[in-house]
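Participant: This is the structure I have questions about; it appears just below.
The values are calculated or read from the model by the stated rules, or taken from the named source; none is laboratory data. Since the structure is predicted, the reported quantities are computational estimates derived from the model, not experimental observations. Virtual Cβ from ideal backbone geometry, glycine too; neighbours counted across all protein chains shown. Ligands, DNA and RNA are excluded from the accessible area calculation, which covers all protein heavy atoms including side chains. Shrake-Rupley method; radii C 1.70, N 1.55, O 1.52, S 1.80 Å.
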Amino acid sequence: MGSFKRGHADVLKWEQANPGASATMPGSTTGVAIPTAEAAVRMAWTVHRELARPLSKLGPQNEQLIAEGRWTELDTSLQRRIEDADEVLEVAAAGRKAWIEAVAAQQVLKHQRDMLEAAQAAHELGQRMVTVGNWSQLQLSPVQLAASTARMNLRRAQQVAAQAQSHLVKTMGQTGLQEAFSLPDQLPAIPAKPMAEADLQERADAIRNQLPVAESLRNRALSKGAMNAYLAAHALALDSQGDVLKTREFITEETVLHYNGMLKSVWDLLDEVRNQSQATVDAIGAQRDFWIAEADLQWVLQGGEPDSFVSLGGAGEVASAAAH
């Protein structure tokens, strides 16, 4: 335990003395920057030259509202009045969601690395204890298994992040020209309150008045599903980023203090580091799901028809069930 006298800092930074451990963990992607969802939408539009005409007819104000994701401020008669406006919205929705998924995957990848670092630190310490005779191989086995599991989770996260980047590259029409985009470190914060259900219902009624009968009936069902997904995703994201994450951060801080005061073992500390990283991964998943649900809802409230809505059953997973 002599290597970890300073507690948290030494435990989590042990790999600085073990460069081989981090050599298999590539850094953040580089390339053309897409700093915001708005930038992603505008880049996606440029791929489709046929959209130049409807975009010009929409005008700069409507174009800005769409790019910024403020679709509930659009005139509900937009698609009826402007030919191919639905294509503009569909491409915008695809670009927004591809960007959201790629940013979230990159975030999750970072925290999976943190979990691997903690697991490897525990494994290294356990091996030392076996070497000096303080532990048996049986005692080391669970620690070794935890490190192996962390390595597998990191590889999964790396693959999902690569797939998300590949999908973003394809959506932006850069296949063969760009391997990956430079993205922000995290998704935008979720709003403190969701859009009011009464306002959403009023918007849904207004758009149905603009649609043919068959489309209106489909939109009614889609609106209900999209609103349910949106409201549930917001509540879940608030919980995961509020009480759960804050409580976990408090526990981690207290564990560090107790460890430094020799009231907690290094195993307690390493376990809590992994727990906090997992809670953060879950919160990122919930945050991602909210933004995808919001994009789908706004699209439906403008007459769009997503194939499916985001699943809220696995916030820790990076891959989204939302339609591409």
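Participant: Go through Gln165, Gln159, Gln174, Gln144 for me and flag whichever is modelled with pLDDT of 95 or more and open to solvent by 40 Å² or more (accessible area, probe 1.4 Å).
Facilitator: One residue alone meets the criteria, Gln159.
Participant: Open to solvent by 20 Å² or more (accessible area, probe 1.4 Å) and without any contact (Cβ under 8 Å) to a residue 24 or more places away in the chain: is that true of Glu73 in this structure?
Facilitator: Working: open to solvent by 20 Å² or more (accessible area, probe 1.4 Å): yes; without any contact (Cβ under 8 Å) to a residue 24 or more places away in the chain: yes.
Considered against the rule, which asks whether it is open to solvent by 20 Å² or more (accessible area, probe 1.4 Å) and without any contact (Cβ under 8 Å) to a residue 24 or more places away in the chain, Glu73 comes out as yes.
Participant: Please give the number of the condition Gln16 fails out of (1) open to solvent by 60 Å² or more (accessible area, probe 1.4 Å); (2) at pLDDT 95 or above.
Facilitator: So the condition that Gln16 fails would be (2).
Participant: Just to verify a result, which residue in segment 43-60, among those that are within 28 Å of Glu179 (Cβ to Cβ) and without any contact (Cβ under 8 Å) to a residue 40 or more places away in the chain, is surrounded by the most Cβ atoms within 10 Å (Cβ to Cβ)?
Facilitator: Ala52
Participant: Could you say which residue among Ala226, Ala221 is part of a helix (DSSP H, G or I) and either in contact with a strand residue (DSSP E or B) (Cβ under 9 Å, 6 or more places away or on another chain) or buried (at least 17 other Cβ atoms within 10 Å of the Cβ) (or both)?
Facilitator: Testing whether each residue is part of a helix (DSSP H, G or I) and either in contact with a strand residue (DSSP E or B) (Cβ under 9 Å, 6 or more places away or on another chain) or buried (at least 17 other Cβ atoms within 10 Å of the Cβ) (or both) leaves just Ala226.
Participant: What residue, among those in segment 279-311 that are among the acidic types (Asp, Glu) and surrounded by fewer than 24 Cβ atoms within 10 Å (Cβ to Cβ), is nearest to Glu38 (Cα to Cα)?
Facilitator: Glu305
Participant: Output the number of the condition that Ala180 fails; it satisfies all remaining conditions of (1) surrounded by fewer than 20 Cβ atoms within 10 Å (Cβ to Cβ); (2) part of a loop (DSSP other than H, G, I, E, B).
Facilitator: The one condition Ala180 does not meet is (1).
Participant: Looking at segment 255-267, is at least one residue open to solvent by less than 50 Å² (accessible area, probe 1.4 Å), among the β-branched types (Val, Ile, Thr), touching a Lys or Arg at 6+ places or on another chain (Cβ under 7 Å) and under 23 Å from Met115 (Cα atoms)?
Facilitator: Yes, because at least one residue in segment 255-267 is open to solvent by less than 50 Å² (accessible area, probe 1.4 Å), among the β-branched types (Val, Ile, Thr), touching a Lys or Arg at 6+ places or on another chain (Cβ under 7 Å) and under 23 Å from Met115 (Cα atoms).
Participant: From Glu83, Glu63, which residue is assigned to a helix (DSSP H, G or I) and either open to solvent by 20 Å² or more (accessible area, probe 1.4 Å) or among the hydrophobic types (A, V, I, L, M, F, W, C) (or both)? Spell out how you get there, then give the answer.
Facilitator: Working: Glu83 fails: assigned to a helix (DSSP H, G or I).
The conditions single out Glu63.
Okay, residues lined up against (1) over 19 Å from the mean Cα position of the chain (by Cα); (2) polar (S, T, N, Q); (3) more than 30 Å from Leu222 (Cα to Cα):
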{"site": "Met152", "(1), (2), (3)": "yes, no, yes"}
{"site": "Gln158", "(1), (2), (3)": "no, yes, yes"}
{"site": "Thr175", "(1), (2), (3)": "yes, yes, yes"}
{"site": "Glu179", "(1), (2), (3)": "yes, no, yes"}
{"site": "Pro184", "(1), (2), (3)": "no, no, yes"}
{"site": "Ala189", "(1), (2), (3)": "no, no, no"}
{"site": "Glu197", "(1), (2), (3)": "yes, no, no"}
{"site": "Gln201", "(1), (2), (3)": "yes, yes, no"}
{"site": "Ala206", "(1), (2), (3)": "yes, no, no"}
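Residues are listed down the side, and each one gets a yes or a no for (1) touching a Phe, Trp or Tyr at 6+ places or on another chain (Cβ under 8 Å); (2) free of Cβ contacts under 8 Å to residues at least 12 places away in the same chain; (3) of a type in the set (Phe, Trp, Tyr):
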{"residue": "Glu197", "(1), (2), (3)": "no, no, no"}
{"residue": "Asp205", "(1), (2), (3)": "no, yes, no"}
{"residue": "Asn209", "(1), (2), (3)": "no, no, no"}
{"residue": "Glu215", "(1), (2), (3)": "no, no, no"}
{"residue": "Ser223", "(1), (2), (3)": "no, no, no"}
{"residue": "Ala229", "(1), (2), (3)": "yes, no, no"}
{"residue": "Ala232", "(1), (2), (3)": "no, no, no"}
{"residue": "Gly261", "(1), (2), (3)": "no, yes, no"}
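Participant: Give me the residue from segment 27-42 that is modelled with pLDDT under 90 and at negative phi and, out of that set, most open to solvent (accessible area, probe 1.4 Å).
Facilitator: Thr30
Participant: Does at least one position in segment 224-245 carry a residue that is at pLDDT 80 or above, in contact with a His (Cβ under 7 Å, 6 or more places away or on another chain) and not aromatic (Phe, Trp, Tyr)?
Facilitator: no
Participant: Given the structure, is Gly261 more than 25 Å from Ala164 (Cβ to Cβ) and small (Gly, Ala, Ser)?
Facilitator: Considered against the rule, which asks whether it is more than 25 Å from Ala164 (Cβ to Cβ) and small (Gly, Ala, Ser), Gly261 comes out as yes.
Participant: Which of the residues spanning segment 165-188 are touching a residue at least 60 places away in the same chain (Cβ under 8 Å), of a type in the set (Gly, Ala, Ser) and on the phi < 0 side of the Ramachandran plot?
Facilitator: Of everything in segment 165-188, those that are touching a residue at least 60 places away in the same chain (Cβ under 8 Å), of a type in the set (Gly, Ala, Ser) and on the phi < 0 side of the Ramachandran plot turn out to be Ala180, Ser182.
Participant: Same structure again: Considering (1) at pLDDT 95 or above; (2) over 30 Å from the mean Cα position of the chain (by Cα), say which one Val103 fails and leave the rest.
Facilitator: (2)
Participant: Among the candidates Leu138, Leu154, Leu125, which residue alone is open to solvent by 50 Å² or more (accessible area, probe 1.4 Å) and farther than 30 Å from Glu38 by Cβ?
Facilitator: Criteria check complete, one pass: Leu138.
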